[in-house]
2 protein chains.
Amino acid sequence: MRPFRGPNFSLILFFLILHIFLLLPANGVHPLDPLTPSELNQVRTLITKSHQDVTFHYVGLDEPDKPKVLSWLSRNQPPNFFHHRIAFAIVRTNSQTHEIKIDLSSNLILSDKVYDGDGYPMLNNEEQTAAGELPLKYPPFIASIKKRGLNLSEVLCEVFTIGWYGEKNTKRAVAVMCYYVDGTVNFYMRPIDGIMATVDLDKMKIIQYRDRLMIPVPKADDTDYRESKQDTHFDTRIKSMTISQPNGPSFTIDGNNVRWANWKFHLAFDMRVGPIISLASIYDHDMHKYRKVMYRGYISELFVPYQDLSEEWYFRTFLDAGEFGFGICAVPLQPSTDCPPNAVFMDGYYTTRDGTPAKTSNVFCVFERYAGDIMWRHSETILPGDTVEVRPDVTLVIRMVSTVANYDYIIDWEFKQSGSIKVTTSLSGMLAVKGSAYTHKDQIQEEPYGTIVAENTIGTRHSHFLSFHLDLDIDGDANSLVKAHLQTVRLTNGSSPRKSYWKVVEEVAKTESDAKIRLGTGATEIIVVNPNKKTKVGNNIGYRLIPGSLAGPLLWEDDHEQIRGAFSNYNVWVTPYNKSEKWAAGVYIDQAPGDDTLAKWTLRNRDIENKDIVLWYTLGFHHAPQQEDYPIMPTLSGGFELRPANFFDRNPVLKVKTPKPVKWVNCSA
Amino acid sequence: MRPFRGPNFSLILFFLILHIFLLLPANGVHPLDPLTPSELNQVRTLITKSHQDVTFHYVGLDEPDKPKVLSWLSRNQPPNFFHHRIAFAIVRTNSQTHEIKIDLSSNLILSDKVYDGDGYPMLNNEEQTAAGELPLKYPPFIASIKKRGLNLSEVLCEVFTIGWYGEKNTKRAVAVMCYYVDGTVNFYMRPIDGIMATVDLDKMKIIQYRDRLMIPVPKADDTDYRESKQDTHFDTRIKSMTISQPNGPSFTIDGNNVRWANWKFHLAFDMRVGPIISLASIYDHDMHKYRKVMYRGYISELFVPYQDLSEEWYFRTFLDAGEFGFGICAVPLQPSTDCPPNAVFMDGYYTTRDGTPAKTSNVFCVFERYAGDIMWRHSETILPGDTVEVRPDVTLVIRMVSTVANYDYIIDWEFKQSGSIKVTTSLSGMLAVKGSAYTHKDQIQEEPYGTIVAENTIGTRHSHFLSFHLDLDIDGDANSLVKAHLQTVRLTNGSSPRKSYWKVVEEVAKTESDAKIRLGTGATEIIVVNPNKKTKVGNNIGYRLIPGSLAGPLLWEDDHEQIRGAFSNYNVWVTPYNKSEKWAAGVYIDQAPGDDTLAKWTLRNRDIENKDIVLWYTLGFHHAPQQEDYPIMPTLSGGFELRPANFFDRNPVLKVKTPKPVKWVNCSA
């Protein structure tokens, strides 16, 4: 036996390595970080090894269970507390949908289940492109184009999901409909209406074709929106202006962790829903600590039902996130136009059809917003010596733009120093228009299902509903929903010269059915409170939902598309936290009958009082198009705000200073 | 006779002078310009000559009849087409109210009528100050203060209008209530509740006094909001940022005429309502001409009913414009905080108690707003070669801040290149709070009429309603109101796989009662159209009201204060144009029973179809205070938008270029 000569170096090395391994997980990832390109590749490699002819439809983080994350957070543990970083993939092979879970840390497939329920996964871009090219080689279609005197090389086709209208589905089918380019990039204004092909996506072939009627294709004139194609410009009077931060931004981005002013949160990209804000906490300067506000917030689903009953239109009732991927459709943001000059950009990664990761550069921008607005102010003229105190409002914005075919959705998550989280959704891009023989409104005899926006062009009526999944954890995860009714009291006993006043009657929602709410008149305030904590003077600690852009449902509740987009039945819903209830219209949306929706989940009428609850807010727009929307739509915005309501003991921005003025010297421009 | 030697020079001189006189009126004023200081002085001189001991309550332009202005505009005549520039004054003398019209051009009193109806004119600042000082020399009040152990020199009193609760009024009375300063500028948080004096304003003496109950005065601690009084600051992480326009602003201000991008309008200050936007027209680049949008737009009245029934509170149901003057209460805007660094300022003038003009410097700011928002965009990824077109949104803002005692109203009129006029009202300043024995919510036994926001401090519930007078002249003055109902159609005949869809059913409001509308669900769109004009493809030319911040009435319609603030019964009203119907709660508001209101005018149920109509929009907030509102309120905003709806044949900003980027060189900061 060797004499003992001191420490055993190989043992020390072993423990050292173990230590590093325990403290620093691969890449130092946060448990909620999205999959990295190398992790996406790892998923592809593992799955393509075990399956042949596999196509990828979704790959994302299978986020750790919430209690684990909360416990990890509270103990301030290293990220690798989560020994197993798990990926979740939805793939198709052999005309079957597989749900696969992969342990990235041990590089193993944990589970691989065939999904045999209704509905199909998200479409990938590549199969849409392939399906869109099929008509161009399909003789009956070629004949249709020829019959119309059009040039096949100028035809471009797009894929439309077909919804579900009671059929027994045995195949992944989509409708393919076409546009005429010929002299404009704005082919959306030139539908070749009346022709529809149906494509089997798995077999990638046309299974049905119909050339139903000849409708004039609208002209290309005046449709192109590119700056280079405008003959004259009108804004020579607008002089240049810019936003400058000579000392750089006030926020830091460390991996996916963002810190700014009194806020910190985690920002991740997901190919299905786009931006996910997690673990948003706000620093309380009186309590000297960060306090929880939102565990996870994202756009859970979109529902865009068109209102045209014709054969090529009635089924256009899109659920954009679950059908096309709101994240897949995100576009690279243009510096200085999509975001102001002071913005910082982040990239996003998603999985393509064959599993290869694709990068969307500049998928998010993060910037400080100063619009000249006022955070708080007062001029005191009554006291001797003028007191005027004004604080300009600087906020932090996270922006993504998702271009789902014709429509551009601009999504802003805005954090305010006052504690508010404001979400703004702005719509631009192109209308979905229908070709028509009409060149003037006076010719219209039957229901046009829209507005004549130009000759031969009907802008079809539709609605947009966005479901926001807002897993609020107001100062802790056990929360309740309070409906604060502003209630009129009639005075009849002559006790006051007044005959009425209003008071606040608070009602705590006990179960899910109590929390299905249609808003509108402003007489009910929606507050999420932590019933286990009080302010110093005894108020419930809470956050109030200030609704905006309310649009009620206009379709019958038993109509097929409305069953699928049933989250639009109410402006507000509350569910108890359930990791599997992420997407308000279900996991598998394409051609699904709407069995796995927020409306169905809440039928169980679970308890929601003093539980870990999720607030779902439905933002809506009804859009009866106008000529100003042609050929491209000026932005229309709507949103909502989550505003502290007795969360703080007092105004949290009282002590915020006016940012120092910028004094440029020696400048020339 | 002198031989003819050429032109007669004296005759030429005569014609030359005549010509100048005709073309250039005094000061080159626009017919809608507010009265200048010299004109205000002229009014004072004339009135004080004919009346003794006169006090001034309102002096403003008696604007020329609308047909005259329109005809003047259409003929492109010089301003002095209006030979008689008329001032309208409301004064008090000998305990009577006089309405006096003065021809400024001929320096003559045109008419002088005693008003003997109900209600009294606006209070002037000086009488409020005088009334507020009365208690301080009133022995019973001094005794009350002593009894409470307070220091009289730290007491400050304010005037409160008392509304009307069925009394027979014979005098101009106000309530005077007091606050304790002692160590804070935020005396609003320190009411000395339970004491009330009633003052006869004409006699300027206390006519009633009551010390009803002793209530603790809330502490001064943590109430001061001045930057210099904060011990620590929290925003060291917010770095400075600025907005720069190296080549200056893109707008011009010529007198009161503002031109910017495709807009031109006239901006005037009025001591009662603040900013008045007149003759707003937008340039149509397809038609090569300016087209009318709004003849006159302003805040007609505000209604702020509090919801506390106690003796010192029940009557606090203020009508701020008609009682205190929303313009009088406007405060000088602070450069770089109230408005961004690129703002340009304008001054305003009003009449004080003795008729002397007073100036409010920087009463308006005008600035171009760039918040990083997008005017329109699209990314086209389907066509070969990426097409991305994005236009940042630069708008023009007119801002005024009116501080009506504790509350600060920030009013923005925003003009967009897309043709929208967006109005935003933001509320800041201080809550009206009530002293209380309670230091914790658990102690509360009876209805507190509010929220305990700090120890001994109840933030009283209240609502804010703002009535916007919007005399739209959409492409001409004969307009109609269209209610576009988004109507669900149920399909039962199996003609479609769909069971329902929505269509648009337009209803033209024929009379005033058709146009009293409560909004909320978004299922009715409000459009003002010009039924005499069509777009090329035959749509009615119109502008749509996009409502925001809807708050319905919560008081009973027959309650006194609700009769006075009855404009809040509906979100939308329409009246035929009538020069005398300017102020939604009437001309004489103070102590008036509400006989001269929008609600009363519209009982005549006049025809409004294809007439020169005025749209009245009621913006509202219900405010159940929160601790975050203490000791000063973070801004809460709401607004509405007037958006072109088939006004243009197509997107009016299609050809707007991206402003040139600013490239600074040689800068240091």
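The values are calculated or read from the model by the stated rules, or taken from the named source; none is laboratory data. Please read these numbers as outputs of a predicted model, since none were measured by experiment. Here the Cβ is made from the backbone with ideal geometry for all residues, glycine too, and neighbour counts use every protein chain on show. Just the protein is used for accessible areas: all its heavy atoms, side chains included, with ligands, DNA and RNA removed. Shrake-Rupley method; radii C 1.70, N 1.55, O 1.52, S 1.80 Å.
The set of residues from the range B:112-132 being part of a helix (DSSP H, G or I), open to solvent by 60 Å² or more (accessible area, probe 1.4 Å) and not charged (D, E, K, R) comprises just one member, B:T129. Checking each residue in the range A:409-435 for being touching a helix residue (DSSP H, G or I) at 6+ places or on another chain (Cβ under 9 Å) and either outside the structural domain of A:I374 (by TED's automatic domain parsing) or not hydrophobic (A, V, I, L, M, F, W, C) (or both) picks out A:Y409, A:S418, A:G419, A:G429. Screening A:N125, A:N41 for residues that are out of contact with any Cys (no Cβ under 9 Å at 6 or more places or on another chain) and not basic (K, R) leaves exactly one candidate, A:N41. Note on the range B:619-634: residues that are under 27 Å from B:Y570 (Cα atoms) and in a strand (DSSP E or B) total 5. B:F303 meets all of the listed conditions (1) open to solvent by 10 Å² or more (accessible area, probe 1.4 Å); (2) within 22 Å of the chain's Cα centre (by Cα); (3) farther than 30 Å from A:V656 by Cα but one, namely (1).
Scanning the range A:168-209 for residues that are assigned to a loop (DSSP other than H, G, I, E, B) and of a type in the set (D, E, K, R), we see that the one that is nearest to the chain's Cα centre (by Cα) is A:R172.
Name the residue, out of B:K611, B:K600, that is among the basic types (K, R), more than 13 Å from every other protein chain (Cβ to nearest Cβ) and more than 23 Å from the chain's Cα centre (by Cα).
Working: B:K600 fails: more than 23 Å from the chain's Cα centre (by Cα).
The conditions single out B:K611.
Evaluated against (1) under 24 Å from B:P216 (Cβ atoms); (2) buried (at least 23 other Cβ atoms within 10 Å of the Cβ); (3) touching a Ser or Thr at 6+ places or on another chain (Cβ under 8 Å), B:A175 falls short on exactly one condition, (2).
A:C157 meets the conditions (1) within 14 Å of chain B (Cβ to nearest Cβ); (2) open to solvent by 50 Å² or more (accessible area, probe 1.4 Å); (3) outside any helix (DSSP H, G or I) in every case but one. The failed one is (2). Out of (1) open to solvent by less than 20 Å² (accessible area, probe 1.4 Å); (2) on the phi > 0 side of the Ramachandran plot, the odd one out for B:G183 is which? So the condition that B:G183 fails would be (1). Inspect the range A:527-536 for any residue being farther than 30 Å from B:S500 by Cα, part of a loop (DSSP other than H, G, I, E, B) and either open to solvent by less than 10 Å² (accessible area, probe 1.4 Å) or touching an Asp or Glu at 6+ places or on another chain (Cβ under 8 Å) (or both) and give the result as yes or no. The answer is yes; a qualifying residue exists.
Yes or no, residue by residue, for (1) out of contact with any Gly (no Cβ under 7 Å at 6 or more places or on another chain); (2) without any contact (Cβ under 8 Å) to a residue 40 or more places away in the chain; (3) farther than 27 Å from A:G638 by Cβ:
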| position | (1), (2), (3) |
| --- | --- |
| B:A523 | no, yes, no |
| B:N539 | yes, no, no |
| B:G548 | no, no, no |
| B:I563 | no, yes, yes |
| B:S568 | no, no, no |
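Listed conditions (1) among the charged types (D, E, K, R); (2) closer than 17 Å to B:T55 by Cβ; (3) under 26 Å from the mean Cα position of the chain (by Cα) are all met by B:D112, apart from (3).
With respect to the conditions (1) in contact with a strand residue (DSSP E or B) (Cβ under 8 Å, 6 or more places away or on another chain); (2) under 19 Å from A:G620 (Cβ atoms); (3) not small (G, A, S), B:T535 lacks only one, and its number is (2). Residue check: A:I526 meets all listed conditions (1) facing another protein chain (nearest Cβ under 10 Å); (2) in contact with a Lys or Arg (Cβ under 8 Å, 6 or more places away or on another chain); (3) closer than 26 Å to A:P652 by Cβ but one, namely (1).
Okay, residues lined up against (1) more than 20 Å from the chain's Cα centre (by Cα); (2) over 24 Å from B:K292 (Cα atoms); (3) open to solvent by less than 10 Å² (accessible area, probe 1.4 Å):
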site: B:R544; (1), (2), (3): yes, no, no
site: B:P547; (1), (2), (3): no, no, no
site: B:G552; (1), (2), (3): no, yes, no
site: B:W556; (1), (2), (3): yes, yes, no
site: B:I563; (1), (2), (3): yes, yes, no
site: B:A566; (1), (2), (3): no, yes, yes
site: B:T575; (1), (2), (3): no, no, yes
site: B:W583; (1), (2), (3): no, no, no
site: B:Q591; (1), (2), (3): yes, yes, yes
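Only residues that are in contact (Cβ under 8 Å) with a residue 60 or more places away in the chain and either open to solvent by less than 20 Å² (accessible area, probe 1.4 Å) or over 12 Å from B:E311 (Cβ atoms) (or both) were counted across the range B:196-213, and they come to 8. Output the residues belonging to the range A:635-649 that are part of a strand (DSSP E or B), at the interface with another protein chain (Cβ under 7 Å from one of its Cβ atoms) and open to solvent by 10 Å² or more (accessible area, probe 1.4 Å). Across the range A:635-649, the qualifying residue is only A:T635. For the range B:586-607, a tally of residues being of a type outside the set (S, T, N, Q) and either modelled with pLDDT under 95 or in contact with a helix residue (DSSP H, G or I) (Cβ under 6 Å, 6 or more places away or on another chain) (or both) returns 6.
Exactly one residue out of B:V662, B:V587 is facing another protein chain (nearest Cβ under 10 Å), surrounded by fewer than 24 Cβ atoms within 10 Å (Cβ to Cβ) and part of a loop (DSSP other than H, G, I, E, B): that is B:V662. What residue, of A:L396, A:L383, A:L427, is under 30 Å from B:E506 (Cα atoms) and among the hydrophobic types (A, V, I, L, M, F, W, C)? Only one candidate qualifies: A:L427. Across the range B:225-247, not a single residue is classified as of a type outside the set (G, A, S) and more than 11 Å from chain A (Cβ to nearest Cβ).
Residues that are within 14 Å of chain B (Cβ to nearest Cβ) and either β-branched (V, I, T) or surrounded by 18 or more Cβ atoms within 10 Å (Cβ to Cβ) (or both) within the range A:254-282 comprise A:V258, A:W260, A:A261, A:N262, A:W263, A:K264, A:I282, listed in sequence order. Residue count for the range B:336-351 under the criterion of being surrounded by fewer than 24 Cβ atoms within 10 Å (Cβ to Cβ) and away from chain A (no Cβ under 13 Å): the result is 5. For B:H485, indicate whether it is of a type outside the set (A, V, I, L, M), within 31 Å of the chain's Cα centre (by Cα) and within 30 Å of A:Y165 (Cβ to Cβ). Answer is yes for this residue. Within the range B:357-372, track down each residue that is surrounded by fewer than 21 Cβ atoms within 10 Å (Cβ to Cβ) and within 7 Å of chain A (Cβ to nearest Cβ). Residue satisfying the conditions is B:A371 alone.
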